[in-house]
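A short worksheet on the structure shown next.
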There are 2 protein chains.
Amino acid sequence: MDYYPESVIDLINEIAKLPGIGYKSAIKITYNLIEMNESEVTKLARAMVEMKKKVHYCKQCHHLTEEDLCSICSNKKRDQSIICVVDTPRDLIAIEKTREYHGLYHVLHGRISPLDGVRPQDLTIASLEKRLETGQVQELILANSPTLEGESTAVYLSKTMHGKVAKITRIAHGVPIGGDLEFADEITLLKAMEGRHDY
Amino acid sequence: MDYYPESVIDLINEIAKLPGIGYKSAIKITYNLIEMNESEVTKLARAMVEMKKKVHYCKQCHHLTEEDLCSICSNKKRDQSIICVVDTPRDLIAIEKTREYHGLYHVLHGRISPLDGVRPQDLTIASLEKRLETGQVQELILANSPTLEGESTAVYLSKTMHGKVAKITRIAHGVPIGGDLEFADEITLLKAMEGRHDY
């Protein structure tokens, strides 16, 4: 590693801290940055810091937003009587892309997973419970990913929310078992939404 | 794309500009950044800008450095009578890792490739020619990658530098043909250096 100038080593180490990026990839990205001109690199660095400063989670549904409420929660045209529960913002966006769902969302930011140390209280479940208290919500769609952890989370939610909302449904297993919800194609997701059943 | 807040879209677009990083990867990296805390992201952004400000090419051999001369060129213990020509700084580091070469280097920053529009004058060949003028250099080792473009570059150099240096050698084809020099293991590279022949 002492083959590189210090500032290059520092950068490789910082990039390698990103989850899912190995050492080889960090070196590759660093070389790309070396070859870019300074204004481009500054622009990228600024975009990172700007995003980090501006973006946080919606105080109602926990989706990404720059405001107090996300663009979906603040849209009065959305059906306020349905909440679709998803594991991550990426899953929310996968469903939005079908353009067929017009209710609200609730982003859990994870799945219950004892092996990874993720407990129900680590997710936004308490906040979901509070949203049901107004009595405005008629249906809760559990759109957790069809993985072991996603199913466990759905089961846990269906038990916890029982009696607090008129109807609890689970998206149909049109989504391929074992996969990540966000990689499902739009038609499959649409079929899964249509085929949802009582849970 | 309008599913994301503006600053998130901006960042995804900036990251996707990096060569070799697709749109899906850019989104993945952005999510990682969203989940990191602000001080970590600021640290990464700062490391990028710092590196870009400090690092440039050595004015003698064109390797990466924060000074006028790189750590190899400014090391008086290195054998000043041999120059090893490489395509990229990564190739230089691959050879350094064998710990058996003690001469100097010359980094071309590319390979002659008419198809990609890379001409001899786009590389640091004129600067190499100037380094031979002092008469101090006795041998030029052509360690260009064993690819079509690398071979063409070696052939071009052996013709251009003919008569300007006592000995021109090419590393042996111990390095697997068609591969990138930087991915060769250290022993293979060592063998290739040892088995170099007149060119």
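If I filter region A:76-98 down to residues being assigned to a loop (DSSP other than H, G, I, E, B) and open to solvent by less than 60 Å² (accessible area, probe 1.4 Å), which single residue comes out as nearest to A:Glu151 (Cα to Cα)?
Applying the filter and picking the extreme gives A:Asp87.
Answer yes if at least one residue in region B:37-45 is more than 8 Å from every other protein chain (Cβ to nearest Cβ) and more than 22 Å from A:Asp87 (Cβ to Cβ), and no otherwise.
Yes.
Could you tell me which numbered condition A:Lys59 fails, if it satisfies all but one of (1) at pLDDT below 95; (2) more than 9 Å from chain B (Cβ to nearest Cβ)?
All conditions are met except number (1).
Sort out which residues of region A:1-15 are out of contact with any Ser or Thr (no Cβ under 8 Å at 6 or more places or on another chain) and either within 19 Å of B:Val49 (Cα to Cα) or at the interface with chain B (Cβ under 7 Å from one of its Cβ atoms) (or both), and write them in order of number.
A:Tyr3, A:Tyr4, A:Glu6, A:Ser7, A:Ile9, A:Asp10, A:Asn13, A:Glu14
From the set of residues in region A:61-83 that are in contact with a His (Cβ under 7 Å, 6 or more places away or on another chain) and touching a residue at least 40 places away in the same chain (Cβ under 8 Å), which is nearest to B:Pro5 (Cα to Cα)?
Checked region A:61-83; the qualifying residue nearest to B:Pro5 (Cα to Cα) is A:His62.
Name the one entry in B:Ser152, B:Ser127 that is in contact (Cβ under 8 Å) with a residue 60 or more places away in the chain, open to solvent by 30 Å² or more (accessible area, probe 1.4 Å) and out of contact with any helix residue (DSSP H, G or I) (no Cβ under 8 Å at 6 or more places or on another chain).
After applying the criteria, what remains is B:Ser127.
For region A:18-27, how many residues are surrounded by 13 or more Cβ atoms within 10 Å (Cβ to Cβ) and at the interface with chain B (Cβ under 7 Å from one of its Cβ atoms)?
1
Which pairs do you get when a residue that is without any contact (Cβ under 8 Å) to a residue 24 or more places away in the chain, found in region B:5-26, comes within reach of a residue that is open to solvent by 40 Å² or more (accessible area, probe 1.4 Å) and assigned to a helix (DSSP H, G or I), reach meaning Cβ atoms under 6 angstrom, with the pair 6+ apart or on two chains?
Note: pairs meeting the criteria are B:Ser7/A:Glu50; B:Ser7/A:Lys54; B:Ala16/B:Tyr23.
Against the definition (touching a Phe, Trp or Tyr at 6+ places or on another chain (Cβ under 7 Å), over 25 Å from B:Thr42 (Cα atoms) and within 14 Å of another protein chain (Cβ to nearest Cβ)), how does A:Ile112 come out, yes or no?
No; evaluated as a whole, the condition is false for this residue.
The values are calculated or read from the model by the stated rules, or taken from the named source; none is laboratory data. Worth saying up front: this structure is predicted, and the values here are computed from it rather than measured. As a convention, Cβ positions derive from the backbone with ideal geometry for all residues, glycine included, and neighbour counts pool all protein chains shown. Quick note on the areas: whole protein, heavy atoms, side chains included, nothing else; ligands and nucleic acids left out. Shrake-Rupley method; radii C 1.70, N 1.55, O 1.52, S 1.80 Å.
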